[in-house]
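As structure tokens, the structure follows; a few thoughts come after it.
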Amino acid sequence: MPSAPRTQGRFGLYGGRYVPETLVPALDELTQAFHEAWNDPAFRAELEGHHRKTIGRPTPLTYLPRISDETGLRVYAKREDLCHGGAHKLNNAIGQMLLAMRMGKTRIIAETGAGQHGVATATVCAMFGLKCVVYMGEDDIKRQELNVFRMRLLGAEVRPVGSGTKTLKDATNEAMRDWVTNVGDTHYIVGSCVGPHPYPFIVREFQKVVGEETREQILAEENRLPDALLACVGGGSNAIGFFYPFLEDKAVRLIGAEAGGEGLATGRHAAPLCEGTPGVLHGAYSYLMQDDEGQVIPTHSISAGLDYPGVGPEHSSLKDSGRAEYHAVTDEEALDAFMWLSRSEGIIPAFEPAHAFALLKKLPFDADSLLIINLSGRGDKDMETASRVLEL
Amino acid sequence: MSGKLAGMSAIAGRFASLRDRGEKALVPFVTGGDPPIEHLPMILRTLESGGADLIEVGLPFSDPIADGPTIQASSQRSLDRGTRLEDIFEAVAKASVGVPVIYMGYTNVALRRGFGRFAKGARESGAAGALLSDLTPEEAGDWQAAAKEAGLDTVFLVAPTSTNARIELACGATTGFVYCVSRTGVTGAENRVPADVRETVARVKRHTSLPVCVGFGISQPEHVRMVCEVADGAVVGSHLVNLLAETWREGSGREKLQEAVAGLKAASRI
């Protein structure tokens with residue numbers, strides 16, 4: 001089995017901990033709290049209880065007959081869109097909330113792009129009665145209005161971030177500044193497998209239930225492992241949780257879909273694994289969209305959840321080793337897949353996993369290949385944008 | 001004097017002579033490229049003539065997570081003008097001030113150029129040291145080696161949250177002065193400096209004989225005075241960045257800057 005990262009939290013070359021000194025003791029505390037909790041059967045039992053009774057796990061593995069017929073493939077979807085809250089994000093948010101309670105923290109902060117992680121964090125704060133502040137870029141607030149209202153309804157304070165690109169990157173900067181300032185009583189629930197060690201490791205551990213269930217379910221359905229797994233990659237938490245339990249199954253191709261925006265050639269995209277170079281952002285060394293001065297480049301994607309210039313360090317390591325492959329999918333291809341899944345199977349996906357579905361048409365697969373796509377979230381949040389750009 | 005300074009770095013020499021005079025260090029910070037880069041030589045000379053003992057020059061980064069709104073906005077203005085690292089190095093070389101200059105920036109800017117090339121370029125511009133705000137000693141091995149090779153001092157941060165073991169680590173990695181953060185938080189001018197900064201400085205002093213300077217939230221002469229009672233110097237950043245943004249124009253603003261620095265410097269003579 002692949003082992004946990006070393007003390008400094010490296011996945012191959014990537015990861016580490018590049019933060020202001022003020023935060024290091026809190027990261028050490030979190031690392032220790034996680035290891036103690038993870039080895040504590042009572043913690044695991046409590047988390048598993050929440051999986052079943054709060055999130056609604058295990059989520060189904062659904063065969064997609066019409067898409068399979070049309071493509072000549074055997075395609076399944078892992079239905080994370082059916083999680084409470086509408087996305088895989090709660091798997092991580094509940095886990096981190098239980099850690100926060102163990103550490104005696106009384107205030108929770110989070111960053112959010114599409115708003116799914118913000119909603120998940122607001123949900124757990126409502127459940128446990130903790131104060132919740134969610135940072136969100138002003139541009140994202142506009143395009144994910146529904147989720148902003150959901151967070152407020154759940155009792156969270158949504159703080160708009162107007163600096164920089166006004167999207168997830170800057171919301172993350174602001175959350176880190178809040179944490180530096182309030183580190184004594186506050187836990188920062190990072191929403192993806194990004195950030196300084198131990199976050200990429202912790203988030204993967206909390207998300208790997210997705211891949212573990214998938215493995216069991218596909219063996220029960222088909223009595224064999226799939227030929228490939230497909231998932232969208234922004235920070236990459238749904239993908240890493242999905243891929244991780246299959247890492248040692250070398251015959252299973254692991255395929256990530258990055259946001260190609262208006263096309264890689266235009267420069268207006270959010271595909272650091274396809275087009276970026278390694279650098280340090282938000283506490284970790286990983287592939288990054290940056291210029292030759294080391295300044296982070298503004299990104300573009302129709303999907304707020306993928307509109308991020310960095311990526312989780314474990315994905316960078318999987319890219320370099322060749323164990324996983326990453327492809328860019330444009331806004332247009334994603335919208336096309338969004339319609340396709342809606343009309344072929346009666347499932348309206350979020351824009352993010354629509355990127356993964358687009359790869360079914362974009363990449364060559366052998367006939368009858370057995371493929372599973374992580375349907376990481378449902379599309380309700382994207383209705384307003386969709387109704388603007390699609391003429392129906 | 002010269003015998004005492006032999007073999008010392010410019011930063012160590014500066015603190016030694018301050019000690020001889022019974023003074024503490026005033027360390028102003030300005031962002032490279034805000035006001036526009038062609039003004040930087042004049043700004044640095046004005047800081048020197050106002051009484052600066054060392055000067056920190058900020059290297060702008062698009063995502064400065066350790067900085068509050070003032071330095072964020074200043075960094076962004078500089079980047080929007082197209083300021084490049086090389087432009088800042090050239091302006092510092094051109095200023096050729098007699099006090100040690102220290103670059104303060106973020107890891108990615110140095111890493112993108114390569115720690116070795118960055119350290120060499122910084123040294124050749126005449127700077128004496130550098131501080132990367134998001135680089136802790138555990139991750140700094142390559143950086144320390146490159147800085148040593150180039151003859152550049154490395155400054156590391158300690159914070160009120162640092163354990164004694166971490167203070168020990170930071171002091172061990174530091175070759176210039178130890179930069180003690182006054183509070184848990186980001187940079188930015190405040191109305192008061194927390195009283196427990198005395199305790200933090202005292203803890204640091206138990207671990208090192210290196211000079212200790214305090215920064216973050218220091219804007220007024222009384223803050224400098226309070227900090228200099230326990231530490232070897234005070235860093236004033238956001239307050240001066242604000243002042244420059246408000247008053248520095250083509251051909252004006254020198255007097256205001258010089259006066260402000262002189263007022264802060266007077267408070268460090270205790």
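The values are calculated or read from the model by the stated rules, or taken from the named source; none is laboratory data. Because the structure is a prediction, the values reported are computed rather than measured. Please note: Cβ atoms are built from the backbone with ideal geometry, for glycine as well, and neighbour counts cover all protein chains shown. When the accessible area is computed, the model is the full protein with side chains, heavy atoms only, and any ligands, DNA or RNA have been set aside. Shrake-Rupley method; radii C 1.70, N 1.55, O 1.52, S 1.80 Å.
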Unpaired by the 4.7 Å Cβ criterion, cysteines found in the protein assembly as shown: A:C83, A:C193, A:C232, A:C274, B:C171, B:C180, B:C213, B:C228
Cα gyration tensor, chain A - rounded (a/c under 1.5), prolate or oblate: rounded
Rounded to 5, the percent of DSSP beta bridges in the stretch B:10-268 classed as antiparallel: 5 percent
Helix-only CD estimate at 222 nm, as mean residue ellipticity for chain B, using -39500 (n - 2.57) per DSSP H run (n ≥ 4): -14000 deg cm²/dmol
10 Å Cβ shell holding at most 14 others, DSSP loop, GluC sites (Glu not before Pro): longest site-free stretch of chain A: A:1-247
Separation between Cα centres of the stretch A:331-386 and the stretch A:255-278, rounded to whole Å: 18 Å
Solvent-accessible area of A:M383 with every protein chain in place, 1.4 Å probe, in Å² to the nearest 10: 80 Å²
Choice from B:T31, B:T247, B:T154 showing the highest fluctuation, given a GNM over chain B with Cα pairs closer than 10 Å: B:T247
Sites matching GluC sites (Glu not before Pro) across the stretch B:218-250 that sit in DSSP coil, with at most 10 neighbouring C-beta atoms within 10 Å: B:E250
Sites matching chymotrypsin sites (Phe, Trp or Tyr not before Pro) across the stretch A:155-244 that sit in DSSP coil, with at most 11 neighbouring C-beta atoms within 10 Å: none
Rounded to 5, percent antiparallel among DSSP beta bridges of the protein assembly as shown: 20 percent
Sites B:K148 and B:E259 - FRET efficiency at Förster radius 30 Å, r taken between beta-carbons, to 0.05: 0.15
In Å, descending, principal axis extents of the Cα set of the stretch B:10-268: 47, 40, 34
Loop-exposed trypsin sites (Lys or Arg not before Pro) per DSSP, neighbour cap 12 Cβ within 10 angstrom, longest uninterrupted part of chain A: A:7-223
Rel. contact order, % - alpha carbon contacts under 8 angstrom, at least six apart, chain A: 20 percent
Rel. contact order, % - alpha carbon contacts under 8 angstrom, at least six apart, chain B: 23 percent
Cα gyration tensor, the stretch A:272-392 - rounded (a/c under 1.5), prolate or oblate: oblate
Cα shape, the stretch A:17-162, gyration tensor, a/c 1.5 rule: oblate
Beta bridge orientation in chain A: antiparallel %, DSSP, nearest 5: 30 percent
Surface accessible to a 1.4 Å probe, A:W38 within the full protein complex, Å²: 40 Å²
CD proxy at 222 nm, helix term only [per DSSP H run n ≥ 4: -39500 (n - 2.57); per residue of chain A; nearest 500]: -12500 deg cm²/dmol
